[in-house]
1. Just the number, please: carbon plus sulfur as a percent of the accessible area of region 145-286, 1.4 Å probe, no ligands or DNA/RNA counted.
2. Using label points projected 7 Å from each Cα along Cα→Cβ, tell me how many nm separate Gln131 and Ile247, to one decimal.
3. With labels modelled as points extended 7 Å from the Cα through the Cβ direction, what inter-label distance (nm, one decimal) is found for Lys139 paired with Gln354?
4. In whole angstrom, note down how far apart the Cα centers of region 36-73 and region 289-363 are.
5. Using the Kirkwood radius over Cα pairs, work out the Stokes-Einstein diffusion coefficient for region 111-181 at 37 °C and 0.692 mPa s, in µm²/s as a whole number.
6. If the chain between Ile309 and Asp46 were fully stretched, how many nm would it gain, using 0.36 nm times the residue separation less the Cα-Cα distance?
7. Taking springs between alpha-carbon atoms closer than 10 angstrom, which of Gly189, Gly294, Gly87 fluctuates most in the Gaussian network model of the chain?
8. Which value, in Å³ per residue, describes the convex hull spanned by the Cα atoms of region 21-82?
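The values are calculated or read from the model by the stated rules, or taken from the named source; none is laboratory data. Source: prediction; values computed, not measured. Here Cβ is always computed from backbone atoms with ideal geometry, including for glycine, and neighbour counts include all displayed protein chains. Side chains included, ligands, DNA and RNA excluded: accessible areas come from the protein's heavy atoms. Shrake-Rupley method; radii C 1.70, N 1.55, O 1.52, S 1.80 Å.
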Amino acid sequence: MSSLKKSSFFNKAPKFWERRGPTSLVLWPFSWLYGLINRGLDLINDLDLRKRNTQAVPIIIVGNIRAGGTGKTPIVIALAERLARMGWKPGIISRGYGATAARSPILVESASDPAQVGDEPVLIAKRTQDQFPIWVHPKRTQSIRSLLKGDPSVNVIISDDGLQHRDLVRWPAREGGRDIELVVRDQRGEGNGFLLPAGPLREPATRERDATLMTGMNTSASHIDEYFLGRRAFTLAGQLGAPYQLINPSNTQSLSAIADAYLPNKITAVAAIGNPQRFFDDLLKQGIAGKSIGLADHSAFTPEFFAKINAQCILITEKDAVKCALMNDERIWVVPMSLEIPNALADWLQSILQRPDPNQYTL
C-alpha cells in the first residue's frame with residue numbers, strides 16, 4: 001500500500017519484542033553475540049587510541065536505547081526553542097535517516113527535499129521556521145564542523161539521536177563535563193528486555209545516561225520501573241494541536257469538530273512513525289475512533305496509496321506530512337503534536353551548560 005524507502009525489519013517493531021516467548025528465546029544467542037560485539041567496540045573506543053577531543057561547544061544528545069522511534073524529534077524541537085528563549089544559540093545535527101548518501105554535510109531548510117536530507121530534519125526546520133541551523137550527515141562530527149563554520153555564534157548543539165555514535169566524543173555531565181546524554185523512553189518501555197534481534201534494545205536498559213525523558217507515560221513517577229529509582233528522570237507530556245488541511249495549511253479545524261463531522265468508519269488515521277499506536281491512541285483520547293493504518297517508520301507515500309483509502313477524512317502526522325507536500329488530496333489533514341520542556345528540566349540543563357569549559361583546565 002505504501003512505497004517503502006530503505007525499510008527494514010527494524011523499522012517496525014515485531015510483536016515478539018514485547019514479551020519473552022519462543023521466537024525471542026531462539027534469537028537470544030544472536031542477541032548475546034550482538035552485545036559481545038558492542039562491548040568490544042566500547043572497549044576499543046574507551047582506549048581512545050586516536051586521541052580524539054570533545055567538541056568546542058556542549059552537545060545534548062537526544063537518543064534512545066530502543067530501536068525505532070520513541071518521540072525524539074518533538075523533544076529536539078522543544079529543547080531548541082526553550083534554549084533559545086533562555087538566551088542560548090542552538091544548532092541541530094542529525095543523521096538524516098533515509099536521506100540520499102552525500103559526501104559532505106548538508107544544510108537543511110524547510111524547503112529541503114526529505115528524500116535528500118531525511119523527513120525528521122525537514123520537519124524540525126518547518127516547525128521552527130528555519131530559526132536554527134540544521135545539518136545532516138551520517139558522521140556527526142563532520143556535521144558539527146560544518147555547522148560551527150557556517151554559524152560560529154552557535155554555543156550548544158542538539159543531536160537528534162547519536163547515543164550509539166562512537167565517533168562523537170563527549171564528556172558527559174555526570175562525569176563533570178558539559179555534554180548531556182538524554183535517553184527517551186516511551187510507554188512501551190524496554191519490551192522483553194533483550195538486545196537486538198531477540199528484543200528491541202540497542203544497548204542494555206542499565207546503560208548510563210545523564211537523564212531519562214519519559215514520553216507517553218500513563219503512570220506516575222512512583223510507579224516507574226525499579227531500575228530508574230535514584231536516577232534523574234523527567235516526564236514530558238505531548239499534546240495534539242488543531243489539524244490543518246495538507247493542501248491548505250491555513251484551513252484548520254479542531255479534533256472535536258472532525259469527530260462530529262464524520263462517522264468513525266469514514267475517518268482513517270495513517271502513521272509511518274516509530275510507534276504508530278501512540279498516535280492512534282492519542283487521537284482516540286480526543287474522540288477520534290476511526291480506522292488506523294500503521295506503517296514502518298520513515299515509509300514514503302504515493303498518491304495511489306491515499307487514493308485506495310476509503311475515507312472522507314485522513315489524519316496523518318506532521319512527520320509524514322513533509323513527505324506528502326506535492327499531493328493534492330483535500331481529505332488529508334495534518335495533526336501537529338507539541339510538548340513543553342518542564343521548568344525543572346530547563347533549570348537542570350542551564351546548570352550544566354553554564355559550567356566552565358572543562359577542556360580549558362588540566363590537572
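1. Answer for region 145-286: carbon and sulfur cover 50 percent of the accessible area.
2. The modelled label-to-label distance comes out at 3.2 nm.
3. According to this spin-label approximation, the distance is 3.7 nm.
4. Centre-to-centre distance over Cα atoms comes out at 23 Å.
5. After rounding, the answer is 244 µm²/s.
6. Taking 0.36 nm per residue and subtracting the Cα distance, the gain is 89.5 nm.
7. Gly87
8. Convex hull volume per residue, Cα atoms: 111 Å³.
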